[in-house]
């Protein structure tokens, strides 16, 4: 029985540490534009193998990311866009493949390349979006980029491209180590149609700092309790060995 108690407490403590890491990651991104909280927890998992039918271990589980919509902050910045529910901006990852994000705080480099957190934004045609020199620029709710070309009169409007926005539920995507989302089934999401974003605004993180702090405290207390169980079992084992040795 001693080894069973030790194993249960040990796996429980390990799971608490992993859960605490997820909570800390969520808190660290409480002010990150477009961030969605990781849903993490623990589950009782039977130990497989001969002689272990009665043993159960605690295992860390990740249940995906929260699909709760973050608060919309109006910035008035021409390059800021807030994605509607179930809409995702297409960007290029480090391997040159398409990935998806809700971080709509776009930036533009000296060559006119649009980026999201340093990653090139892909257009509806699948190519990186590069905007030619302009006097003014506007992004419509369907992702169309319109500009007044440099040196042209104000009534000269030209289309400079369209943001690659796709439609997918959060549950249909998985988040990679780089923070970008990718389709769980490997099939690219369908392009979004109609109004897909709010120009001049960004979506704040959906992390609720207060609830994350409460969860952090609860997880820390659970970890302390499991460590105390480990210490108690160890003390009981020492006492039992001492009694047996005194005979």
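The values are calculated or read from the model by the stated rules, or taken from the named source; none is laboratory data. What you see is a predicted model, and the numbers here were worked out from it, not measured in a lab. Methodologically, a virtual Cβ is constructed for each residue, glycine included, from the backbone with ideal geometry; neighbour enumeration extends over all protein chains shown.
Brief remarks on what is shown
- Some residue of the stretch 30-43 being on the phi > 0 side of the Ramachandran plot, surrounded by 14 or more Cβ atoms within 10 Å (Cβ to Cβ) and at pLDDT 85 or above: yes
- Residues that are part of a strand (DSSP E or B) and over 16 Å from residue 143 (Cβ atoms), drawn from the stretch 175-213: 175, 181, 182, 183
- Taking the conditions (1) assigned by TED's automatic domain parsing to the domain that holds residue 10; (2) modelled with pLDDT of 90 or more; (3) out of contact with any strand residue (DSSP E or B) (no Cβ under 7 Å at 6 or more places or on another chain) in turn, residue 110 satisfies each one other than (1).
- With respect to (1) within 24 Å of residue 182 (Cβ to Cβ); (2) free of Cβ contacts under 8 Å to residues at least 60 places away in the same chain, the lone exception for residue 44 is condition (1).
- Residue 145 without any contact (Cβ under 8 Å) to a residue 24 or more places away in the chain and in a strand (DSSP E or B): yes
- Restricting 101, 115, 130 to those that are more than 23 Å from residue 37 (Cα to Cα) and either in contact with a strand residue (DSSP E or B) (Cβ under 8 Å, 6 or more places away or on another chain) or assigned by TED's automatic domain parsing to the domain that holds residue 37 (or both) reduces the list to 130.
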